[in-house]
Amino acid sequence: MSECSSGSCSGANKASAKLKIQDAMIETTLEKIKYKLFIMSGKGGVGKSSVSVNVAAALAARGFKVGLLDVDIHGPSVPTLLGISGTLDVDRGSLMVPKEYNENLHVVSMESLLKDPDQAVLWRGPMKTSAIRQFVSDVQWGELDFLVVDSPPGTGDEPMTVLKTVPEALCVVVTTPQEVSLSDVRKSINFLQYAQANVLGVVENMSGLICPHCHESIDLFKKGGGKDLAEKYGLDFLGAIPLDPATVVAGDMGTPVVLLEEDSQAKTALIELADTIAEAAQKSFEAASTTHA
């Protein structure tokens, strides 16, 4: 017969009770969100956060209520891309209030919890897991059409926690066309298959460079690798986004390129991507409803 001191048993019981309460809060929060999008990549530097921000902004511009959750604990870039600063407020019910970018787009990021945005976050797995769960349970997201989750690259603690916390998430995998990126994305797809996640499809970012002078496309990183990868694994190819100087300028300005007045090939491609994702999410939702009927 196992024995434990009353103190240790009491502590374990309290921790278990607290976890159950948080699970209930997470379930309540997710019930109010129609579609959960999980944007991930196999490696860094593929423009995943830029895709996340612009898809969220484009969906919001279409009139959808959108939440954008940046779970990159160690390198959050969403606030910079949206020109958001300052810490999160807490309402009277002790829930954190997301930063408002505009009427339809609200944002939560690790950076919004730091007094100094340049401060390094020296956390290991359990603390990161706890923080991500709190980003769902302790945030006043309210009624949303879309929650877009921007994950750090790879298959570590953060994506594992997101998939466990939001099991119905629809995953969008971002890659660039060259083999060095595709090889890592194959690992991400394998990870998603192992986790039995819902994969919405693949996006090829930096698909050609738009020359700022002649506005023609240059195959800087090749083209078509993402589409070939999607076909190989039987996944939907959601779209190709060119590398456009307008995107770089917009990012430094803290304005999504999809919201700039000037037209550009990247703006057009990102808006089309957001529309494609919205349509694919709707079809996935209808398919799931039919399956469970």
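Brief remarks on what is shown
- Identity of the residue in the stretch 152-182, surrounded by 17 or more Cβ atoms within 10 Å (Cβ to Cβ) and of a type in the set (Asp, Glu), that ends up nearest to residue 51 (Cα to Cα): 158
- Within the stretch 215-233, tally of residues that are among the aliphatic types (A, V, I, L, M), open to solvent by 60 Å² or more (accessible area, probe 1.4 Å) and either in a loop (DSSP other than H, G, I, E, B) or in contact (Cβ under 8 Å) with a residue 12 or more places away in the chain (or both): 1
- Reported count of residues in the stretch 234-293, each being part of a helix (DSSP H, G or I), touching a Gly at 6+ places or on another chain (Cβ under 7 Å) and charged (D, E, K, R), is 1.
- The residues listed here are 114, 81, 59, 69; of these, the one that is over 13 Å from the mean Cα position of the chain (by Cα) and more than 30 Å from residue 222 (Cα to Cα) is 114.
Yes/no per residue for (1) open to solvent by 10 Å² or more (accessible area, probe 1.4 Å); (2) within 14 Å of residue 254 (Cβ to Cβ); (3) aromatic (Phe, Trp, Tyr); (4) modelled with pLDDT under 90:
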residue	(1), (2), (3), (4)
51	no, no, no, no
66	no, no, no, no
74	yes, no, no, yes
97	yes, no, no, no
101	yes, yes, yes, no
106	yes, no, no, no
117	yes, yes, no, yes
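- Among (1) open to solvent by 10 Å² or more (accessible area, probe 1.4 Å); (2) in contact (Cβ under 8 Å) with a residue 60 or more places away in the chain, the one test that residue 140 misses: (2)
- Annotation note: of 252, 244, the sole residue that is of a type in the set (Asp, Glu) and open to solvent by less than 40 Å² (accessible area, probe 1.4 Å) is 244.
- Counted residues, the stretch 6-45 - those being modelled with pLDDT under 90, open to solvent by less than 70 Å² (accessible area, probe 1.4 Å) and of a type in the set (Ser, Thr, Tyr): 3
- Candidate set from the stretch 268-293 (those that are over 17 Å from residue 148 (Cβ atoms) and modelled with pLDDT of 95 or more); member that is surrounded by the fewest Cβ atoms within 10 Å (Cβ to Cβ): 268
- From the list 208, 201, the lone residue that is crowded, with 16+ Cβ neighbours inside 10 Å, assigned to a strand (DSSP E or B), within 21 Å of the chain's Cα centre (by Cα) and not aliphatic (A, V, I, L, M) is 201.
The values are calculated or read from the model by the stated rules, or taken from the named source; none is laboratory data. Just so it is clear, the structure is predicted and the values come from calculations on it, not from any experiment. Positions of Cβ are backbone-derived with ideal geometry, glycine not excepted, and every protein chain shown enters the neighbour counts. SASA here: full protein model, heavy atoms, side chains in, ligands and nucleic acids out. Shrake-Rupley method; radii C 1.70, N 1.55, O 1.52, S 1.80 Å.
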